[in-house]
Amino acid sequence: MEILEQKGNPELAEIFVARMRHAPLSLVEFVDAIDPRYPREEKWVITVSTQFGCPVQCLFCDSGGFYDGNLTADEILAEIDHVIRRRSPDGKIAATKFKIHFARMGEPSLNAAMLDVLERLPGIYDAPGLIPCIPTVAPQAAGDFFEKLLVIKRRLYDGGRFQLQFSINTTDEELRDKLMPVKKWSFGEIRDYAARWYSPGDRKLVLNFALSPDNPVDPDVVASSFDPWTSMVKVTPINPTDMAVKNGFETMLSAEEPHGADRLVAKLRARGFDCVISIGEAEEIEIGSNCGQAATRIVRGRLHAERRTEARRVV
């Protein structure tokens, strides 16, 4: 693995862009971060890529700017190891919560190597606080992955030591298909899986809504489609990625407007749902801490340079 770019604030979030193979699109991003509300000893977060780009191509995410296949288990683990060894060379992690998000670039459920990563992680580091976190749009093609994930979670990560998040984003299912243009599980299928996923002592399955005025979230639809006993709601901003700006998405929630979701959250809580409002720091936006942004800009720069070179040859 070759680090091509490193930027950010070591006391908040550092972003790395790395080349994994001798191929122009074998670029990944990964992040070493903290939750500014807590010291690193309480909560440490590493976010890594699982694919070279992303095949889903959500309309507000830069990860879909290119796609060149899956990382291997060893390549995913190399991202994690690079971050850990900088701060904990002996592999001992004292953080009460040590969260590894497989969320930077790629749809993790479409990479079977993720299952191998989850099998191996507990034996590599001395990290009692380890909590893997997988966000997914719930592709129909990943049914076998989710079945195997359920077995691994029960065997290795019981007692609330695993977080699974389904990106819903809107209760308008037709619009949902446009935002995340891949065949997905229906709300009913997600609800059924949540019932199998959750047991007392576990973390509830997370339903994530990135809030935009153009993407309606109806509390009554949430309540009729999902079970507050097995699922909780997280609301987040639409970050100003290049794709979000290009497609005209605005956010209802931000560090400058932290109360944009208050009414929605109150209605959801009245219907029995646990809710979390998650807003990143403004500094993270300034350093380009949006998924896929740094790697995609490097790829675009290379492609532009190649086209200019080819144009000169033609002339």
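At-a-glance table
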| read-out | value |
| --- | --- |
| Residue, surrounded by the most Cβ atoms within 10 Å (Cβ to Cβ), within the range 207-228, restricted to residues that are over 20 Å from the mean Cα position of the chain (by Cα) and closer than 29 Å to GLY65 by Cβ | VAL217 |
| Unmet requirement for LYS204, which otherwise passes all of (1) surrounded by fewer than 18 Cβ atoms within 10 Å (Cβ to Cβ); (2) touching a residue at least 40 places away in the same chain (Cβ under 8 Å) | (1) |
| Among (1) in contact with a Pro (Cβ under 6 Å, 6 or more places away or on another chain); (2) hydrophobic (A, V, I, L, M, F, W, C); (3) more than 24 Å from GLU11 (Cβ to Cβ); (4) modelled with pLDDT under 95 - the single one PHE66 does not satisfy | (1) |
| Pair list, Cβ under 7 Å, 6 or more apart: the range 145-170 residue over 19 Å from LYS183 (Cα atoms) and of a type in the set (D, E, K, R), other residue part of a strand (DSSP E or B) and at pLDDT 95 or above | ARG161/LEU130; ARG161/ILE131 |
| Members of the range 122-134 found to be within 18 Å of ALA94 (Cα to Cα), in contact with a helix residue (DSSP H, G or I) (Cβ under 8 Å, 6 or more places away or on another chain) and not in a loop (DSSP other than H, G, I, E, B), listed by number | PRO122, ILE124, LEU130, PRO132 |
| Check on ILE100, within 19 Å of ASP32 (Cα to Cα) and either more than 16 Å from the chain's Cα centre (by Cα) or surrounded by fewer than 20 Cβ atoms within 10 Å (Cβ to Cβ) (or both) | no |
| Some residue of the range 65-78 being among the small types (Gly, Ala, Ser), surrounded by 22 or more Cβ atoms within 10 Å (Cβ to Cβ) and under 20 Å from PRO240 (Cα atoms) | no |
| Within the range 31-64, tally of residues that are aromatic (Phe, Trp, Tyr) and surrounded by fewer than 20 Cβ atoms within 10 Å (Cβ to Cβ) | 1 |
| Any strands (runs of 3 or more DSSP E) falling wholly within the range 1-116 and containing at least 3 residues that are over 27 Å from ARG176 (Cβ atoms) and in contact with a helix residue (DSSP H, G or I) (Cβ under 8 Å, 6 or more places away or on another chain) | 2-9, 13-19, 27-34 |
| Qualifying positions in the range 135-160 - outside any helix (DSSP H, G or I) and closer than 19 Å to ALA95 by Cβ | TYR157, GLY159, GLY160 |
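The values are calculated or read from the model by the stated rules, or taken from the named source; none is laboratory data. Since this is a predicted model, take the numbers as computed values, not measurements. Heads up, the Cβs are rebuilt from the backbone with ideal geometry, glycines too, and the neighbour counts pull from every protein chain shown.
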